[in-house]
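Engineer: After the structure tokens below, expect a handful of questions from me.
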Amino acid sequence: MAFSELVNSERVNAVVGWAMIAIVALGAAESLLTTATLWGGLSLFIVAVASLPALTTRNWKEMVSWPVLSVAAVAVVARAIDVFSEIAGYVAIASLALVIVVEVDVFTPVELSNRFAVVFAVLTTMAIEALWIVAQFFSDTWLGTRFLRSQTELQEDIVIVTVVGFAVGGVFYWYFTRFEPVGAVDRPANHARTR
């Protein structure tokens, strides 16, 4: 199979995309079974958001490009098997933000230029990180976990997830401008609207 078919075939994109969603769902199940409830909940939220286009259109092929979903899958698996779990958490949050931004761009009437989409993905990453911090606080308060140890660590998390958001966004900016994958919106090269 040629790389162009892997990138441009709607059917192949859907099959690989659903495989990535299944991997994230398995990672969520593993997290929930090993009492990593908060992480399992985040993983299930990624599954729900990634499945949303197919569920709302009732067409299993309506999906975000599989490379976007693969970043989330790799992050969830890395976190589940405890390989670079701290970094994997940041990447999972950034990939969730990227999935949301791509879905807004591709499956709604909203049109985002590629550069604005990257900035919007970073801002969405920061917003999700803020919600994640609130969830960690309540987990510490109600469930007796110890996610938040110091304010300094909290601030470092916000800075690191922002940098990771820019990195993930930058890689996908390069990818989408170079390969024009399934689901990409056709636009002129300078991203100007044509009338």
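Read the figures in this text as sums done on the coordinates, not as results from a lab. The shown structure was predicted, so the numbers you read here are calculated from the model rather than taken from an experiment. All Cβ positions, even for glycine, are placed from backbone atoms using ideal geometry, and neighbour counts span all protein chains on display.
Engineer: Tabulate in residue order the Karplus-calculated ³J(HN,Hα) for region 140-148, using 6.51 cos²θ - 1.76 cosθ + 1.60 with θ = phi - 60°, rounded to whole Hz; enter x for Gly and Pro.
Structural biologist: With the stated coefficients, region 140-148 comes to 4, 6, 8, 9, x, 6, 10, 6, 9 Hz.
Engineer: Continuing with the same structure: Could I have the simple spin-label model distance between Y173 and A130, label points 7 Å from Cα toward Cβ, reported in nm to one decimal?
Structural biologist: 2.2
Engineer: List the residues, sorted by chain then number, that are 5 or more residues from F147 or on another chain and whose placed amide H is less than 5 Å from its amide H.
Structural biologist: HN-HN under 5 Å from F147: D140.
Engineer: Let me ask you something else. In whole Hz and in residue order, list the ³J(HN,Hα) couplings for region 78-84 that follow from phi through the Karplus curve 6.51 cos²θ - 1.76 cosθ + 1.60, θ = phi - 60°; x for Gly and Pro.
Structural biologist: Result, ordered by residue: 4, 5, 5, 9, 6, 10, 6 Hz.
Engineer: Just want the answer: with Cβ charges of +1 for Lys and Arg and -1 for Asp and Glu, which residue in V91, A54, S31 is farthest toward the dipole's positive end in the chain?
Structural biologist: Sorting the options by dipole projection puts first A54.
Engineer: A follow-up question, please. With labels modelled as points extended 7 Å from the Cα through the Cβ direction, what inter-label distance (nm, one decimal) is found for V83 paired with T34?
Structural biologist: 1.3
Engineer: Moving to a separate point now. I'd like the distance between the alpha-carbon centres of region 110-140 and region 161-177, rounded to an integer number of Å.
Structural biologist: 13
Engineer: Okay, moving on. Based on the mean of other beta carbon atoms within 10 Å per residue, what is the order of 166-174, 143-151, 63-71, most packed first?
Structural biologist: Averaged packing, sorted descending, gives the order 63-71, 166-174, 143-151.
Engineer: Near V122, within a Cβ-to-Cβ distance under 13 Å, what is the net charge of the other residues, with Lys and Arg +1 and Asp and Glu -1?
Structural biologist: Numbers: positive: R115; negative: E129.
Value of the local net charge: 0.
Engineer: Add -39500 (n - 2.57) for each DSSP H run of 4 or more in the chain, then divide by its residues: what number comes out at 222 nm, to the nearest 500 deg cm²/dmol?
Structural biologist: -26500 deg cm²/dmol
Engineer: If you fit an axis through the alpha-carbon atoms of helix 151-179 and take the longest principal axis of the Cα set of the chain, what angle between them do you get, 0 to 90°, nearest 10?
Structural biologist: It works out to around 20 degrees.
Engineer: Lys/Arg Cβ at +1, Asp/Glu Cβ at -1, dipole of region 93-151 taken about the Cα centre: which of L123, V102, Q136 is farthest positive-ward?
Structural biologist: Of the listed residues, the answer is Q136.
Engineer: Assuming R0 = 45 Å, can you tell me the calculated FRET efficiency for the pair R149 and V110, based on Cβ-Cβ distance, to the nearest 0.05? Walk me through the numbers before you get to the answer.
Structural biologist: Numbers: r = 39 Å, r/R0 = 0.87.
Once rounded, the FRET efficiency stands at 0.70.
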